[in-house]
Amino acid sequence: MRNQNIFRPALGFLCLAIAYPSSLVSAALTLESSFNLTETYTDNLFYDDEDKEDDFGTLAGPNLELRYDNPDIVLGATYFGRFAAFVNNPDQNRYIQNANILLDLPFLTKRYKKLTVTIDETMNFTPQLDAFSLSGAQDASTTFSGRGTDSGGAGGTGGALGGSGISQGTGGTQGVFTSRASAFSNLSGITFGYAMTPSLTPTFSYKNQYLHFFSSGFQDQMTHIGRISLVYGQSEQTTIIPSYTYLQTDYLGTPTQVTVSDKLISHQPRLTISHNFTPLLTGSLQGGAAFSKQIGAKETLDNGATTQELSDKWQSTLIGGATITKTYRNGNVSMNVDQTIGGGGGLASQETRTQTITARIQHNLSTKLNGFASFGYARNKSTQDGNAFNTNTYRVQGGISYAFLNWLSGNLSYSHINQKSKGLAVGDIKVNQVFFGLTAYADPWILMR
């Protein structure tokens, strides 16, 4: 019954969209759909080096995108579903699904000049949250990929077949892989912007993430993120954004085996500068500090023999990063360096500092053949003298995709994960995965015009 409250904001947004007497001029309701079939092999199905087992698997399911557009309201929804079946472990067969809702309200901008409002809602129910893809984005298995697009890798199901890198939404421990975990995730948010002048736009956003685990050894979380920023266009090439973020993670239900905590509170001022060096070369630099404290934090050592309390004093941590992206005639290349603060992502109720380095290249070898490669490194370390996380994770990916026909594409990819951990929450992991997939695209259906 607790989860019903999570859906009420989304249902309210839908009722608003349906009830509002919008104009039917130039209105359109369209549906895009595709069906994916992927064969895979992994040498460590359970992401557990102490119980290493290889297996072959088949994933099959639809990608759907429904969108309603008119001059007053833009309402979109995407759905991703995969049934996963395994040869040697049929008891691990399951259905993975993800739904997203986007609501934009242009009529508010017409009624209240210079005002913009965007509403987001994402729900993910799966016997296992997808692993974090160290290419700097989620695996393609969590997103809808339209005809002719590249969404992160051939097959795109690296996280769907192994352990859980609990990193979806905000505040996760990006780059940490662990054993299977049945979970439900809901992320909803709203953003307001008001253009005071052509070059100055203050914005306010609020996001709420609920993370619930059905598996033992993980802890539920409710995270609130409020952000105020001031977008200043100094020139056509340079944008300066000072911002302040308030993050609060409340730990719910049964604690993990090694940690217990009531909540994490973090205040994060930040300055971001982005610059377009050329039309094809862009970069950004951001820096700030996180002032954080944990309330009621404890951890268990020596297999439960010892319990120590962690500091509840305010501590400061530098945060920030840099990104550079180069687009060229046949593709693009990007690199990102980042340091953030999170709440443990369900693996541990403990403040965690995450440092990531990611690099990626996508190249069009021909009009039908595309290739990509990526490398990622993540270091997760508990702060406040905690011992839950002290983990280094590396991931290398590569693959190709080929458009056989206008409605049929294929892809082949490889992923290698190597994780070394000295923390209490996770262990050492090595995983090799190979994917071969086919995707058939249907013509868009125009249901209303």
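For the stretch 92-106, the criterion of being surrounded by 19 or more Cβ atoms within 10 Å (Cβ to Cβ) and over 24 Å from the mean Cα position of the chain (by Cα) is satisfied by at least one residue. Would you be able to say whether some residue in the stretch 250-265 is within 27 Å of THR201 (Cα to Cα), within 23 Å of the chain's Cα centre (by Cα) and either open to solvent by less than 30 Å² (accessible area, probe 1.4 Å) or hydrophobic (A, V, I, L, M, F, W, C) (or both)? The answer is no, given that none of the residues of the stretch 250-265 is within 27 Å of THR201 (Cα to Cα), within 23 Å of the chain's Cα centre (by Cα) and either open to solvent by less than 30 Å² (accessible area, probe 1.4 Å) or hydrophobic (A, V, I, L, M, F, W, C) (or both).
Each row is one residue, and each column tells you yes or no for (1) farther than 23 Å from ALA84 by Cβ; (2) basic (Lys, Arg); (3) part of a loop (DSSP other than H, G, I, E, B).
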position: ASN380; (1), (2), (3): yes, no, no
position: GLN384; (1), (2), (3): yes, no, yes
position: THR391; (1), (2), (3): yes, no, no
position: TYR394; (1), (2), (3): yes, no, no
position: PHE404; (1), (2), (3): yes, no, no
position: GLN419; (1), (2), (3): no, no, no
position: ASN432; (1), (2), (3): no, no, no
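Taking the listed residues ILE324, ILE319, the one that is under 24 Å from TYR394 (Cα atoms), open to solvent by 20 Å² or more (accessible area, probe 1.4 Å) and in contact with a strand residue (DSSP E or B) (Cβ under 7 Å, 6 or more places away or on another chain) is ILE324, with no other qualifying.
Residues of the stretch 200-245 that are of a type in the set (Ser, Thr, Tyr), outside any strand (DSSP E or B) and surrounded by fewer than 14 Cβ atoms within 10 Å (Cβ to Cβ): SER216, SER235. Taking strands (runs of 3 or more DSSP E) as the structural unit, those lying wholly within the stretch 275-369 and holding at least 1 residues that are modelled with pLDDT under 90 correspond to 298-301, 306-309, 331-342, 352-364.
Okay, residues lined up against (1) in contact with an Asp or Glu (Cβ under 6 Å, 6 or more places away or on another chain); (2) modelled with pLDDT under 95; (3) not charged (D, E, K, R):
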position: SER188; (1), (2), (3): yes, yes, yes
position: PHE192; (1), (2), (3): no, yes, yes
position: PHE204; (1), (2), (3): no, no, yes
position: SER215; (1), (2), (3): no, yes, yes
position: ASP220; (1), (2), (3): no, yes, no
position: LEU230; (1), (2), (3): no, no, yes
position: GLN237; (1), (2), (3): no, yes, yes
position: SER243; (1), (2), (3): no, no, yes
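Inside the stretch 55-95, residues that are over 21 Å from VAL431 (Cα atoms) and touching a strand residue (DSSP E or B) at 6+ places or on another chain (Cβ under 6 Å) make up a count of 21. Of all residues in the stretch 406-417, count the ones that are open to solvent by less than 70 Å² (accessible area, probe 1.4 Å) and either among the basic types (Lys, Arg) or part of a loop (DSSP other than H, G, I, E, B) (or both). So the count comes out to 0. Is at least one residue of the stretch 336-348 out of contact with any helix residue (DSSP H, G or I) (no Cβ under 8 Å at 6 or more places or on another chain) and open to solvent by 50 Å² or more (accessible area, probe 1.4 Å)? The answer is yes; a qualifying residue exists. Filtering the stretch 85-113 to residues that are polar (S, T, N, Q) and either under 19 Å from ASP43 (Cα atoms) or assigned to a strand (DSSP E or B) (or both) leaves ASN88, ASN89, GLN92, ASN93, GLN97, ASN98, ASN100. For the stretch 49-84, filtered to residues that are in a loop (DSSP other than H, G, I, E, B) and of a type in the set (Asp, Glu), the residue that is nearest to MET123 (Cα to Cα) is ASP72.
Give the number of residues within the stretch 184-202 that are of a type in the set (Val, Ile, Thr) and over 11 Å from ASP120 (Cα atoms). So the count comes out to 2. Contact map, the stretch 306-317: residues that are closer than 21 Å to GLN257 by Cα paired with residues that are open to solvent by 90 Å² or more (accessible area, probe 1.4 Å), Cβ distance under 9 Å, separation 6+ or inter-chain. Pairs shown: GLN308/ASP385; LEU310/ASP385; SER311/ASP385.
Taking the stretch 253-273 as the range and being farther than 22 Å from GLN286 by Cβ, polar (S, T, N, Q) and touching a residue at least 60 places away in the same chain (Cβ under 8 Å) as the test, the residues that pass are THR256, THR259, SER261. The set of residues in the stretch 327-366 that are free of Cβ contacts under 8 Å to residues at least 24 places away in the same chain and more than 18 Å from the chain's Cα centre (by Cα) comprises ARG329, SER366.
The values are calculated or read from the model by the stated rules, or taken from the named source; none is laboratory data. Only a predicted model underlies this, so the values are computations on that prediction, with no experimental measurement involved. Quick reminder, even Gly has a Cβ in these numbers, built from the backbone with ideal geometry, and neighbours come from all protein chains shown. These accessible areas exclude ligands, DNA and RNA; they are computed on the full protein's heavy atoms, side chains included. Shrake-Rupley method; radii C 1.70, N 1.55, O 1.52, S 1.80 Å.
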